Each structure stands twice: as C-alpha cells, then as structure tokens.
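Single-structure report; data block below.
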Amino acid sequence: MSDAFYVTTPIYYVNDKPHIGHAYTTIAADVLARYYRSLGRHAFFMTGVDEHGQKVEKAARAQGIDPQSHCDMMAPRFADLWKRLSIEPDAFLRTTDKPHKKFVAAALDKLNAAGLIEARDFEGWYCTPCERYWTEKDLVPEKTEGGGNEGGLCPDCRRPVERLTERNYFFLMSRFADRIKTAIETDALEILPKSRKNEVLGFIAQGVGDLCISRPKARLSWGIPIPFDPDYVTYVWFDALLNYVSGPEYLGKRREWWPAAAHLIGKDILTTHAVYWPAMLMALGLPLPKRIVAHGWWNFAGEKMSKSIGNVVDPLDLLEAYDGGNPRAAVDAFRYFLMSEVTFGLDGTFSLDAFERRWTSDLSNDVGNLLSRVVSLIAKLCGGELLAAPSEEDRSIVEQYRAAMESFQFSRATEIALKLARDTNLSIQNAAPWSHPESASDCLAHAAGALCVLSALLKPFIPESADVMAQRLGLPEAPALPVSYQPYRVHVTIGEPLFARPVRVDAPHAGAAPVAGQKNISGQPLSATGISSGQEPSSFVSIADVKNLGLRVGIVEAAERIEKTKKLLKLTVNLGSDTRTLVAGIAETYAPETLIGRRVVVVSNLQPAVIRGIESRGMVLCAADDEGLSLIAPVSEMPAGSEVR
C-alpha cells in the first residue's frame, strides 16, 4: 500500500483513569490521521491499552478484584474519552485480546528457536512502578542521614528500587546494537526532534546490554505465559511493543500496514521505542518503523504533571467546567489548545488562563468573528448568495500548511491557518464592502473562498466546528484539502457564534457554593466563585448618565505595543465619524496583531489623558476577573460608530 499512512500512540496502562498526557498524544495522532485522509491517503490510526504487568495487578488487588475484571472496567474509560474528544481511531487494541497474546507467544517461540533467548541467573536493582531492572550506574543516589546510599532511586520515577536475585529469560538485544546505531544515524529509523536522536545515540554509546523479558509467576502472575516455560510470564514491555505489529494484522485486517509511518510517544519512553523495539523487529526479521516522534511533557504551575503530586488535569472535568451548553466548542477548543500552544517535541505549561486566552483570541475573535462577519455581510449585501473565488495565494497557504503538518509542526500549522483568518479580516476591513455595496461581491467572494480553505486547514484540529463553518457557507462539510481552493456556490446561513467566549464553572452546579474538600480540574481545592448576594446597590445612575458616556462601537485599525511597558497597547480605533488613538492596558491578554479588524466598545466621551507621552481619547471596555481580561464586543457586525444603548 504505497499511499498508506499508519500512525500509532503508545498503549496506555489501565492502572488509573486517562489524563491530559494521554489525550495529548492521542489527539496528535487523530490530527495526523485526519490530515492524511483529507489528501485521499489510506490512513490507519491505532491506539489501545496495556493490560498486563505489576501496576495493573497491584491496582486490581487494591480494589479487591481480579486483574481481568479491573481491565474490563478501565479500558472503556479510555475508549469513551476518545469518543468525547472527537478522536476516531481505526482500531483500539487491548493486550488481553486473544489474537495479541497468540502473536506474542509466537514471537517468543521464534526468537527462542533462533537462539536469541537464554536463561540466566540475575541480580539487579528493580523498580516495581516502572517494572524495569536498572544497573548500578543508572541509579540516582538517595542520600541518607549519614550521607550514604540506600540502594538509590529509579532514574525515571525517582522512587526507591530494590535488590532482586532470580532466574529469568533474556533476549540477546546486545547483538543488534551496531545495526540499530546505523539505522538511526542514517535516518533509516528517523527520530524526531533531532535532539532526541542524539539522546538515543548517546544511550547506545554507553553500551547496550541484553533485555530481561520474563518475570517469575511466583512474583507476578498477570501476564502472557512464556510458551516454552509456564513458570514465567512475559515482561510487560516486550508484550506491549509487539502491539504495533499484531494490531494491524487482526484489527486492521491488513498486515501490509506495517511498517508504521510514525510512532507518537512521550519522551520518557524513547529508549524502549528507539532501542528495545528496533532490536525486537530485527530479530524477528520485520522492517523498522519509518520514524519515532517523541513529544515533551505538560507542566502545571511549574511542575511536571504527576498523579503523586495531584496536579494532573482530567480532560473530562475540564470539558464539564467549560461546557456552557455547547460541548462542541469546549471539545474543539481543548483539541486546538493542545496542538497550538507548544511546539510538538518540547515541554509545555498548561494553565486555565492560557487555555481561555487562546480560545478567545484565536477561535472566538479571529475565526468565529470572521465567519460571522462574512456570513452577515453576504446576507445583507449579496442576498445571501454568491460564487466564492479562492485566490492563488490560498493555494500557496495550503502548501505551507502541508509542509508543517508533514514535519509534525502542529503549532506552526495552526499559525498558518490563523494568519489566513487575520489577513482575511484585515482585507475586509480595508475594502469596507458596507461602504461600497456596488463592489461588495468581489471582496466577499474572496473572503468566502478563504473561509472554505480555512475550514479545511482547521478540520484536523477542530473537526466538528470546521464542518459548522462550511455548513454556514452552504457546504455539507469542510472540504478535502486539495479541493478547498476551488470556486463554489455560497448559500449562507446565519447562526449562533461559532465559539462563544469561554466561561468556566468550577462548582458542580451553577449557583451552588463549592463543597468543602471538593477539587477542581487541576486537582486543587475549589474556592468560592463570586455569587451575587442579592443585595441592591447603594446608589443608582440615570439613563442620561449612561448616554453621557458616549458608548460606541469601534473597529481597531492598528495596534502596537508601547515600549518599556508590559500591559499597554496603542490602538487606532475607527469610530465612524472620526478615528481615535487610545491607550489600553490589555497587552498581557491580547497580542497586537490579533486586534486588527476587531470590533470593540469605546467610552468616547472620556476626558483625554496623556499616558506614556501618548494622548488617549477614550477607553475600550473589558470584563475582568481574577483570571484576566476579555474585550466587550457586539455579537453581530455592527458598523463603526454604532451607539451602544
């Protein structure tokens, strides 16, 4: 299958419920699969759960149930979350599936027959949480009160290890070290980002030993039995890695899917995928995957997210907090944030402020307002219909976008899409079709063409919302990428805002005070949420007082940062009858380029003031809370100078 694109995620342990880290990798794989399908490629996207090993056995024991019952209870939580997040894998693998267990047993038999497995007495440092042996040089020293070393800590999880002596089976992985090194150096097995490639080569340079691939049943019973010795079960990593080949064969019904085009993984499991896995494939006579893409970790409040710390973001809780009666917007905003906020491969920091800011700036203002503006103007000036005319520049934008997507630069791809939205907003503002109805159709035809392309660019990231965009323009759904810049007949439909501004509800029910001890989406205790006491204000203003403020709709024509300040922007705002310069303290929330063409509400009768040497003639209105600022703006495309009353 020359046009096949097979993408995988790791298979996730079922010892606990899924969190934002699981969602991040799986959304990225879904984005890739959707992208390649939009090109007409045959994409196969597989994810799943790892159900064997000590972690799972321990979690089941803690609940007083058998491991299989625990797995049967936990696996649907992952599948259900993927459905909730609009993630559509072609296959969901469980390592307790009978075909997978049969595949693992056959692989072990093949390696044993080839003389690549041998039994040895072994003594070493063992980390139970990671289910992995470590050498003395790998350990992180654990200082005692006397300054000595109590056996050291696991280099991955920083928890104590224990000294174990037992007989086990070893895969002779060391025999393949040179071949693995050559494959990585020549990019026959490409590792991205390049810094991770150097990391793996450094690991190999320290020496690759043989891999312990069994555990005695006396110590661990929950695993796939070693076919040639029933007193042992298979090491969980040897079992799990084989899913990438077993799954396509019995879930995809096509073994030709292998080799994978991309394994998407977290950087903490790079060694197992870039050293153990290639050795296993070479020993089995199978091709290597084309590339391994290792992403970074999400941090919260300056620390890596960790269940032990209690700062893990639960995606379901997050979506519930921001649902606001529109689950589509919350889901797509979450998907978009994870893919756009940080370069894939680097660490990122999650905060509710950052989430809300990107939702508001990119989705509500740039994309949503553009759609609303174009649809409203076509309805008003063109009778709701016209022939869209994408430009040649739109074709160039698609090519830039493709280069970003195919190099796993998801944040760059979203930047390209958002620049199209902002440039289109600006071109409408400059053309002012409401002032030149005789030529409005030309301007709006190009804008509708750009919106069609924009829906195709955003479809992998915000799939449901991208389809809504297209439907508002008269298309059944967002088009495939290669045909997105072709002319089409527009029939507009006016609807609710594509992305209403985010409103977070921490309390379990609107208007209810938090219960003592209750926690929010980041695992932190809830605080009171500013519910009205029902008391009347101590004084009132008249309608004349309100009118005296001179509240008018303005359109931002230019915006720039004021030097040596963090909060201030200099805005040029068109108020219809005149154009004003305003100084606004919104720079920490809004980047200047995101404001161009945006409607704001201005207090036009405010006494002028000189701020940082600039005369400010008015004030833009914002809503504010502890989380930050949000500009006040009309929902519909009101002309500049419209009175707010």
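Assorted remarks:
- Residue count for region 184-204 under the criterion of being touching a residue at least 24 places away in the same chain (Cβ under 8 Å) and more than 30 Å from the chain's Cα centre (by Cα): the result is 1.
- Residue in region 176-199 that is out of contact with any Ser or Thr (no Cβ under 8 Å at 6 or more places or on another chain) and closer than 17 Å to residue 135 by Cα present: no
- Yes/no for residue 381 being touching a Pro at 6+ places or on another chain (Cβ under 8 Å) and more than 30 Å from residue 192 (Cα to Cα): yes
- Matching residues, region 563-579, being of a type in the set (Ser, Thr, Tyr), surrounded by 13 or more Cβ atoms within 10 Å (Cβ to Cβ) and in a loop (DSSP other than H, G, I, E, B): 565
- Complete set of residues in region 1-21 that are within 20 Å of residue 318 (Cα to Cα) and open to solvent by less than 30 Å² (accessible area, probe 1.4 Å): 18, 20, 21
- In region 213-232, residue nearest to residue 15 (Cα to Cα) [restricted to those that are open to solvent by 10 Å² or more (accessible area, probe 1.4 Å) and among the hydrophobic types (A, V, I, L, M, F, W, C)]: 222
- Boolean, residue 414 is crowded, with 24+ Cβ neighbours inside 10 Å, polar (S, T, N, Q), within 19 Å of residue 362 (Cβ to Cβ) and within 17 Å of the chain's Cα centre (by Cα): yes
- Residues in region 61-80 that are in a helix (DSSP H, G or I), over 30 Å from residue 323 (Cα atoms) and without any contact (Cβ under 8 Å) to a residue 40 or more places away in the chain: 61, 62, 63, 68, 69.
- When residues of region 363-406 are limited to those that are in contact with a strand residue (DSSP E or B) (Cβ under 8 Å, 6 or more places away or on another chain) and surrounded by fewer than 19 Cβ atoms within 10 Å (Cβ to Cβ), the one farthest from residue 636 (Cα to Cα): 387
- If you go through region 402-441 and keep only what is among the acidic types (Asp, Glu) and within 30 Å of residue 263 (Cβ to Cβ), you end up with 406, 415.
- Filtered by the rule that a residue be assigned to a strand (DSSP E or B) and over 14 Å from residue 556 (Cα atoms), region 583-596 gives no residues.
- In the set (1) open to solvent by 30 Å² or more (accessible area, probe 1.4 Å); (2) closer than 25 Å to residue 593 by Cβ, residue 436 fails one condition alone, (2).
- Verdict on residue 34 being surrounded by 18 or more Cβ atoms within 10 Å (Cβ to Cβ) and touching a residue at least 24 places away in the same chain (Cβ under 8 Å): yes
- Residue, modelled with the highest pLDDT, within region 275-322, restricted to residues that are more than 17 Å from residue 263 (Cβ to Cβ), touching a helix residue (DSSP H, G or I) at 6+ places or on another chain (Cβ under 6 Å) and of a type in the set (A, V, I, L, M): 283
- Condition check for residue 60: of a type outside the set (S, T, N, Q), open to solvent by less than 30 Å² (accessible area, probe 1.4 Å) and under 28 Å from the mean Cα position of the chain (by Cα): no
- Residue that is modelled with the highest pLDDT, among those in region 597-645 that are outside any loop (DSSP other than H, G, I, E, B) and among the hydroxyl-bearing types (Ser, Thr, Tyr): 616
- Residue 549 being surrounded by fewer than 18 Cβ atoms within 10 Å (Cβ to Cβ), modelled with pLDDT of 50 or more and more than 36 Å from the chain's Cα centre (by Cα): yes
- For residue 451, the stated conditions do not hold, so it cannot be described as farther than 29 Å from residue 358 by Cα and either under 26 Å from the mean Cα position of the chain (by Cα) or at pLDDT 95 or above (or both).
- Among the residues of region 563-618, those identified as among the basic types (Lys, Arg), in contact with a Ser or Thr (Cβ under 7 Å, 6 or more places away or on another chain) and over 22 Å from residue 360 (Cβ atoms) are 612, 617.
- On the stretch given as region 593-635, residues that are of a type in the set (Gly, Ala, Ser) and open to solvent by 60 Å² or more (accessible area, probe 1.4 Å) total 2.
- Where strands (runs of 3 or more DSSP E) fall wholly inside region 81-198, no range has 2 or more residues that are acidic (Asp, Glu) and surrounded by 13 or more Cβ atoms within 10 Å (Cβ to Cβ).
- Flag for residue 517 being at positive phi, at pLDDT below 50 and open to solvent by 70 Å² or more (accessible area, probe 1.4 Å): yes
- Residue 583 among the aliphatic types (A, V, I, L, M) and under 30 Å from residue 494 (Cα atoms): no
- Taking the listed residues 131, 88, 142, the one that is farther than 30 Å from residue 25 by Cβ and out of contact with any Cys (no Cβ under 6 Å at 6 or more places or on another chain) is 142, with no other qualifying.
The values are calculated or read from the model by the stated rules, or taken from the named source; none is laboratory data. Here the structure is a predicted model, which is why all the values come from computation and not from measurement. No Cβ is skipped: glycine too gets one built from the backbone with ideal geometry, and neighbour counts run over all protein chains shown. Ligands, DNA and RNA are excluded from the accessible area calculation, which covers all protein heavy atoms including side chains. Shrake-Rupley method; radii C 1.70, N 1.55, O 1.52, S 1.80 Å.
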